[in-house]
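Reading through the structure tokens given below for one structure.
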Amino acid sequence: MGKILEGVLDWSEVWATLIPLIVYIWIKPKAIWTRPLLIYLLIALLLGVVVDITWKSKELGIKDWVERTLWWLYRGKILYTLIFYNINSFLRLLLLTWFFYKVNPLYKKTYLIITSLFLTGVIINFGFFENIVLSFSSRLFTIEAAIILFYCLLYYYTVNMNDEIKSPLALPPFWIVMGLTLYTSVNFLIFLFYNYLINAERTYAMSIWNVHNLIYIVLMIFIAIGFKKAK
Amino acid sequence: MNSLLVNKLLDILLLDITFMITIGIAAMLLLAAGFLLLMMVNQRKKWMLQKQMSQLKEHQQNQLIESAVRSEEGERHRIAEMLHDEVGALLSSSRIFLVEMNTHNLSENDKQDHAKVKEMIDESIQKVRTISHNLHSTILKEFGLNEAIRHFMKKITGGSVVNSTVDLDDEYQISNAETDLAVYRIIQELVNNLIKHAHPRLINIRSSLSQIQLELHIQHNGKGLTQEQFEELRFKPAGLGLKNIQNRIILLKGKIHFTKLDTGEYIIQLSIPVVI
């Protein structure tokens with residue numbers, strides 16, 4: 001039972017991402033704000049598949065094939081797939097900025113300034129301080145989570161200022177923003193301490209990543225509901 | 001370096017980092033969920049308050065419309081009475097004096113002038129009576145809405161190129177004077193507007209009564225209005241008559257709809273809620 005649950009959670013970044021994608025294909029929402037989310041989901045699915053396949057390559061019996069294909073990610077005998085997480089985090093912020101710009105266009109300048117600062121920070125960080133291939137960037141993930149949380153608060157402020165809205169749950173983007181709020185607020189501390197934990201408390205770090213996976217499933221369900229409501 | 005510093009700090013505080021992070025994550029989850037819940041409750045409360053405010057505003061607006069319509073009706077009644085009792089009486093007396101005048105000694109020219117003056121006084125008496133009746137219909141008061149509409153249509157289309165047919169549901173016997181008066185004024189305004197602007201050859205008015213409402217249809221073959229044109233015109237200063245119609249409709253809690261039919265004719269549908 002424990003093994004099954006572990007397997008389900010380990011592969012959650014693949015199968016959970018498929019939930020909103022299937023809903024998207026089924027509903028075909030026309031709203032323009034669904035586009036950045038669709039791209040994000042496709043990228044997340046691709047990176048999730050690559051990460052999980054390389055991670056489980058021994059169990060799947062494709063270790064040799066992985067070694068041949070991803071030779072450039074090996075440092076000695078160790079395969080580093082952390083680059084995929086870093087790329088995912090970086091692209092996620094850009095695509096979610098596009099999403100927030102579409103659902104809450106009042107703060108165009110704010111998005112522009114924050115994105116510019118974020119891009120500069122990423123270049124400086126990976127240019128001088130961290131190796132994009134060898135390390136899981138706690139800094140990148142934490143700042144990304146903080147920025148998304150800030151965007152979510154801006155969205156709530158706009159919704160709250162609108163007296164015509166009876167129930168925000170009737171707004172399709174609200175579900176997605178709600179999912180992002182839960183995802184970023186829960187994962188904020190995980191991202192912040194993950195680098196430290198992976199060295200000091202490895203077992204705890206591995207198990208706390210399951211919390212991330214759980215809340216990721218919640219986020220995907222909320223995105224799927226948002227797509228369904230955007231019909 | 002950082003890890004060592006964190007460990008040292010935690011050792012000093014006698015705290016376990018894993019415990020702190022677990023508690024922190026749970027707290028963040030609770031905070032986020034609580035925030036979302038509070039936001040939704042707050043939004044609902046705000047919406048309810050907004051709804052109450054708009055209801056109050058609507059009520060106030062209706063009261064204003066009602067008092068404006070009432071004062072307009074009062075004024076119409078007063079002017080109609082003055083025209084009928086004072087100007088009408090004065091003209092009738094003048095006519096009597098004119099008729100009793102000895103015209104035998106008058107020249108042929110003066111006789112013709114005398115006849116002309118008599119004719120003009122007769123016309124004036126008729127005009128005063130028509131205006132007075134238009135301002136305050138005694139037929140409506142005494143014989144009800146259907147008879148008042150029939151009489152009005154007969155009078156307005158009689159002797160003109162416009163033909164009219166009236167087919168009203170005689171089941172309608174509501175003794176609510178205010179509703180009848182408002183409906184009558186709407187019909188009056190609409191038909192006057194039709195003759196003035198749409199230039200129809202035929203106007204048909206028909207009504208049907210159900211348990212809950214009176215349906216009145218005015219169909220014509222002139223150049224009528226569509227609903228979009230009505231909505232646009234009633235907010236223009238020139239569309240005062242249409243604004244009055246809309247005000248009376250609001251007071252009656254009814255509906256009005258302008259449609260162009262496939263045949264090229266136009267129809268105005270009025271739905272007035274009634275209590276039988």
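Bear in mind these aren't lab numbers, they're just calculated from the coordinates by the rules spelled out. All values reported here derive from a predicted model rather than from experimental measurement. Methodologically, a virtual Cβ is constructed for each residue, glycine included, from the backbone with ideal geometry; neighbour enumeration extends over all protein chains shown.
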**Request:** Please report the orientation-averaged projected area of the range B:47-162, defined via the convex hull of its C-alpha atoms, in nm².
**Result:** 12.2
**Item:** the range B:69-129-the range B:37-54 distance, computed between alpha-carbon centres (Å)
**Value:** 65
**Item:** Isotropically averaged projected area of the range A:19-107, using the convex hull of Cα atoms (one quarter of hull area), nm²
**Value:** 7.4
**Message:** Under 8 Å for C-alpha pairs, at least 6 residues apart: give me the relative contact order for chain B, rounded to a whole percent.
**Reply:** 13
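Give me the net charge of A:Val23's neighbourhood, meaning all other residues with Cβ under 11 Å from the Cβ of A:Val23; Lys, Arg count +1, Asp, Glu -1. Before the final figure, lay out the partial values.
Details: positive: A:Lys28, A:Lys228, A:Lys229, A:Lys231; negative: none.
Here the count lands on +4.
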**Fill in**
So the angle from the long Cα axis of helix B:17-82 to the longest Cα principal axis of chain B, reported in degrees to the nearest 10, equals 10
**Request:** Just need the Rg to Rh number for the range A:104-149, please, alpha carbons only, Kirkwood Rh.
**Result:** 1.06
**Asked** In whole Å, what is the distance between the alpha-carbon centres of the range B:189-214 and the range B:133-153?
**Response** 15
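Take the Cα pairs of the range B:140-276, get the Kirkwood Rh, then feed it into Stokes-Einstein at 20 °C and 1.002 mPa s and tell me D in µm²/s. Could the numbers behind the result be given before it?
On the way: Rh = 15.2 Å.
Here the translational diffusion coefficient equals 141 µm²/s.
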**Asked** Computed over the Cα atoms of the protein assembly as shown, what is the ratio Rg over Rh, Rh following Kirkwood?
**Response** 1.31
**Complete:** Rounded to whole angstroms and listed largest first, the alpha-carbon spread of the range A:68-216 along its three principal axes comes to 61, 32, 29
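Counting helices only, and only those DSSP H runs with n ≥ 4, report the 222 nm mean residue ellipticity of the protein assembly as shown as the sum of -39,500 (n - 2.57) divided by its residues, in deg cm²/dmol to the nearest 500. Mind showing how you got there, number by number?
Working: 19 runs with 353 residues, N = 507.
My calculation for the protein assembly as shown gives -23500 deg cm²/dmol from helical runs alone.
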**Asked** Each residue of the range B:222-227 in turn: what ³J(HN,Hα) in whole Hz from Karplus with 6.51, -1.76, 1.60 and θ = phi - 60°, glycine and Pro shown as x?
**Response** x, 9, x, 10, 9, 4
**Prompt:** Sequence-distant or interchain residues sharing an amide H contact under 5 Å with B:Leu214, placed H: which?
**Reply:** B:Ile272, B:Val274
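Mind checking the alpha-carbon convex hull of the range B:227-267 and giving the volume per residue in Å³? Working shown, then result.
Numbers: hull volume 2.9 nm³, N = 41.
That works out to 71 Å³ per residue.
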**Message:** Quick check: residue separation of B:Val87 and B:Glu265 times 0.36 nm, minus the Cα distance between them. What number comes out in nm?
**Reply:** 59.9 nm
**Prompt:** Once whole DSSP H runs in chain A are found, which of them have Cα atoms spread over 27 Å or more along the helix axis and a mean Kyte-Doolittle score of at least 1.6?
**Reply:** A:34-55
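Taking R0 as 51 Å, what FRET efficiency do you get between A:Ile4 and A:Ala170 from their Cβ-Cβ distance, rounded to the nearest 0.05? The partial results should precede the final answer.
Numbers: r = 37 Å, r/R0 = 0.73.
With R0 = 51 Å, the Cβ-Cβ based efficiency is 0.85.
Using only the C-alpha atoms of chain B, find the volume of their convex hull and express it per residue in Å³.
With only Cα atoms used, chain B gives 262 Å³ per residue.
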**Fill in**
The size of the Cβ-based charge dipole (Lys, Arg +1; Asp, Glu -1) of the range B:140-276 about the Cα centre, to the nearest 20 debye, is 540
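If you stretched the chain out fully between B:Gln63 and B:Asp110, how much longer would it get, using 0.36 nm times the residue separation minus the C-alpha to C-alpha distance?
11.1 nm
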**Request:** Return the subset of B:Lys118/B:Lys243; A:Lys28/A:Lys108; B:Lys46/B:Lys253; B:Lys196/B:Lys255; B:Lys51/B:Lys260 for which the Cα-Cα distance in this structure is over 29 Å, preserving the input order.
**Result:** B:Lys118/B:Lys243; B:Lys51/B:Lys260
**Asked** Which value, in debye to the nearest 20, describes the size of the charge dipole of chain A about its Cα centre when Lys and Arg Cβ atoms bear +1, Asp and Glu Cβ atoms bear -1, and nothing else is charged?
**Response** 560
**Prompt:** Against the longest alpha carbon principal axis of chain B, how many degrees, from 0 to 90 and to the nearest 10, is the axis of helix B:88-100 turned?
**Reply:** 10
**Message:** Quick query: amide H of B:His199 versus all other amide H atoms, modeled in the peptide plane; which residues come in under 5 Å with a sequence gap of 5 or more or a different chain?
**Reply:** B:Lys223
**Complete:** For the range A:58-166, averaging the sequence separation of alpha carbon pairs under 8 Å that lie six or more residues apart and dividing by its residue count, the contact order in percent is 36
**Item:** Cα-based equivalent ellipsoid, the range B:199-276: semi-axes from gyration tensor eigenvalues, Å
**Value:** 21, 18, 9
**Message:** Let me understand the range A:117-181 better: what is its radius of gyration from the alpha carbons, and its Dmax, in angstrom?
**Reply:** 16.6, 50
**Request:** Whole Å is fine, so just give me how far the alpha carbon centre of the range A:116-194 lies from that of the range A:1-58.
**Result:** 19
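Taking 8 Å as the Cα distance limit and 6 or more residues as the minimum spacing, I'd like the relative contact order of the range B:140-276 as a percentage. Present the calculation step by step, with values, prior to reporting the outcome.
Working: 209 pairs, mean separation 31.4, N = 137.
Reported as a whole number, the value is 23 percent.
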